[in-house]
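The values are calculated or read from the model by the stated rules, or taken from the named source; none is laboratory data. This is a predicted model, so every value here is computed, not measured. Every residue, glycine as well, gets a Cβ built from its backbone with ideal geometry; the counts of neighbours run over all protein chains shown. Areas reflect the complete protein model, heavy atoms only, side chains present, ligands, DNA and RNA absent. Shrake-Rupley method; radii C 1.70, N 1.55, O 1.52, S 1.80 Å.
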Amino acid sequence: MSTRTKSRAYSLGTSLGILALAGALAFSNTALAQTAAVRPPTNGPASVADLAAGLLDAVVNISTSQKVKNDDDAPTPQVPEGSPYQPYFDEFFKGQGGQGNRQRTVDSLGSGFVIDPTGYIVTNNHVIEGADDIEIIFANGSKLKAKLVGKDTKTDLAVLKVEPKAPLKAVAFGDSRKMRIGDWVMAIGNPFGLGGSVSVGIISARGRNINAGPYDNFIQTDAAINRGNSGGPLFNMAGEVIGINTAIISPSGGSIGIGFSVPTELAVNVVLQLKDFGETRRGWLGVRIQPVNDDIAESLKMGTARGALVSGIIEGGPIAHGEIKAGDVIVKFDGRDVTEVRDLQRAVAESPVGKAVDVVVVRDGKEQTVKVTLGRLEDGSEVASAPAATTDDETQKPDKPEAAPLPATDVVLGMKLATLNEETRKRYGIADDVDGVVITEVSPNSAAAERRIEPGDVIVEVGQEAMDTPDDVAQRVEELKSNGRRNALLMLSSKTGELRFVTVRVE
């Protein structure tokens, strides 16, 4: 067969194939049309074009610059005197800081959105943190300089202000509490510096804790969020802001469908306080708290592990008359259930300063309601979280005393105990206002060692009863054993008086 014949045969076969395909497609389209006539409508939006068109103008690009000292100590290149390139070298290498103290400018981009036509803009604190210059770039390309009104590092939010010549397009906050897993959402921002990018997804989860701060309660979404989206809004299908896009999980820096937004139920109060006062004004309960695990719940005769265990009262705080005591478990605050520590932290922080609230505590196995007037949490104040088990500092560790010469020692639960007197206080550096029984030695393989109990710790209470002598500890532990308890709840004090609760197996 000639080359031309082969070509014709190929063409013919192709033509026949096309005719057959056309017939199949015609049949397929007819079948699809018939199927579509009976298919129920989907819940997902057919298009978000109209919604996006009304919101794009309210979303802005935030450009920041920061001057940082150049740590490069390499010598400045030298050029011959009179060289035509000398001015360029002087400008580049010496700059404003002079030789040996050169500065360079670092630029970054983020997103934000207008919440007030007069020029108030919300973004993330990490977008503008440390910036010397903040510039807002609007959807139409116009630019305005912005000043920082206020910021909150605990929720990573910031409010900026520009001075527009005409009212700006603004968007409103919605109620994130009404959003459900599976609801459609839309993110608008400036990923990688590309302005006005729209992505759509659903709410994948709620109440996420990513260890970003004490009030973590993130919305998780699979709407594409990338670098540069930080500070941008997450909208519901009514065009209301229900979240501020803040973080992503990604090994590459690009979206893999796991993004996080600060919900408006947390953000709105913070934003309004920053806008009105330039700072946050959070409520403060003045207690140290720690989680309630199954062992602690069993020791406190609670049916389930819930609430926040009060491990100490902060001196000078709102608890001035013993309304709440160490060992209480807070299970409800101002009508809101407290399931875990974060629930209490958020509820207190969102409450107005000076408000009198009802607090439900479990004390001696029974629920009681007490009333507390909240103080104000100042910046840098403790956020009511008890630290993990403490250890002696490095200067103390090499000088741990031997147990042999100590008087009146007993061994309970793998711990060698001694009466707390002048000698033992001096030996371990224990403060005068700490009372209880001092631990002088801990067996390496004991249940106490598993809980990181160390010599120098002081047993203040066992099973919510105060301890004065080693015999008191031994008798109380035996009582708990005879009552069928598997664990003993110990209130321990550090040498400086910081309290914590641990459970130790008595079996």
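Some observations on this one:
- Search result, residues across the stretch 344-367 that are among the charged types (D, E, K, R), at pLDDT 90 or above and closer than 25 Å to Asp152 by Cα: Lys355
- Applying the criterion of being closer than 26 Å to Gly207 by Cα and small (Gly, Ala, Ser) to the residues of the stretch 329-356, the residue that is surrounded by the fewest Cβ atoms within 10 Å (Cβ to Cβ) is Gly335.
- Matching residues, the stretch 109-126, being under 13 Å from Ile137 (Cβ atoms) and of a type in the set (Ser, Thr, Tyr): Ser111, Thr123
- Selection of strands (runs of 3 or more DSSP E) fully inside the stretch 135-211 by the criterion of at least 2 residues being touching a residue at least 60 places away in the same chain (Cβ under 8 Å) and open to solvent by 50 Å² or more (accessible area, probe 1.4 Å) returns 197-208.
- Residues of the stretch 291-327 satisfying the condition of being out of contact with any helix residue (DSSP H, G or I) (no Cβ under 7 Å at 6 or more places or on another chain) and in a strand (DSSP E or B): Val310, Ser311, Gly312, Ile313
- When Ala326 is tested against (1) surrounded by fewer than 20 Cβ atoms within 10 Å (Cβ to Cβ); (2) in contact with a Ser or Thr (Cβ under 7 Å, 6 or more places away or on another chain); (3) closer than 28 Å to Asn269 by Cα, only condition (3) is not met.
- Those residues of the stretch 314-340 which are farther than 19 Å from Lys355 by Cα and either modelled with pLDDT under 90 or of a type outside the set (Val, Ile, Thr) (or both), in sequence order: Glu315, Lys325, Ala326, Gly327, Asp328, Glu340
- For the stretch 260-271, the criterion of a residue being at pLDDT 90 or above and among the small types (Gly, Ala, Ser) is satisfied by at least one position.
- Residue in the stretch 264-271 that is open to solvent by 10 Å² or more (accessible area, probe 1.4 Å), more than 20 Å from Ala58 (Cβ to Cβ) and assigned to a loop (DSSP other than H, G, I, E, B) present: no
- Exactly one residue out of Arg505, Arg452, Arg476 is in contact with a helix residue (DSSP H, G or I) (Cβ under 6 Å, 6 or more places away or on another chain) and open to solvent by 20 Å² or more (accessible area, probe 1.4 Å), and it is Arg505.
- Residue in the stretch 486-506 that is nearest to the chain's Cα centre (by Cα), counting only those that are more than 21 Å from Asn445 (Cα to Cα) and in a loop (DSSP other than H, G, I, E, B): Glu498
- Residue that is surrounded by the fewest Cβ atoms within 10 Å (Cβ to Cβ), among those in the stretch 283-322 that are more than 15 Å from Phe501 (Cα to Cα) and touching a Lys or Arg at 6+ places or on another chain (Cβ under 7 Å): Ile314
- Hey, Leu266 of a type outside the set (D, E, K, R), touching a Gly at 6+ places or on another chain (Cβ under 8 Å) and either touching a residue at least 60 places away in the same chain (Cβ under 8 Å) or under 20 Å from Asp116 (Cβ atoms) (or both) or not: no
- Some residue of the stretch 232-245 being in contact with a Ser or Thr (Cβ under 8 Å, 6 or more places away or on another chain), free of Cβ contacts under 8 Å to residues at least 24 places away in the same chain, more than 25 Å from Pro318 (Cα to Cα) and not in a loop (DSSP other than H, G, I, E, B): no
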